[in-house]
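What follows is one structure encoded as structure tokens, with my remarks underneath.
The values are calculated or read from the model by the stated rules, or taken from the named source; none is laboratory data. Treat the numbers as computed from the prediction; the structure is a model and nothing was measured. Cβ placement follows ideal geometry from the backbone for every residue including glycine, while neighbour counts extend to all protein chains displayed.
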Amino acid sequence: MVGRRKAIRTLATTATIVLSFSLPAHSQGFTNRKPSNHGGPLEVKKPVVDEKAYKAALDRIPVPDKKYDPWGIARPAESGASAKKSN
């Protein structure tokens, strides 16, 4: 009686492990039930780049008065007097 229970438990555990390996493959569509009829990647039409419109858009961007400081928020602005250190 104990031997049968141990054999059934071993069989159930083995079946569970084997089936757990096949679940990810099944969710990704790697099953042999029906072949996939994918014809390949779809061709997507790329938009045509208009060089004149691109350059005109770049010309409309205003030139900044001051140079951009990416650390300006993280540290206070330095003045000439505070930059000098006295000993």
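Run down Gly29, Gly80 and say which single residue is touching a Ser or Thr at 6+ places or on another chain (Cβ under 9 Å) and modelled with pLDDT under 80.
The unique qualifying residue is Gly29.
Being surrounded by 10 or more Cβ atoms within 10 Å (Cβ to Cβ) and of a type in the set (Gly, Ala, Ser) is the filter here; which residues of the stretch 1-11 pass it?
Correct list: Ala7 only.
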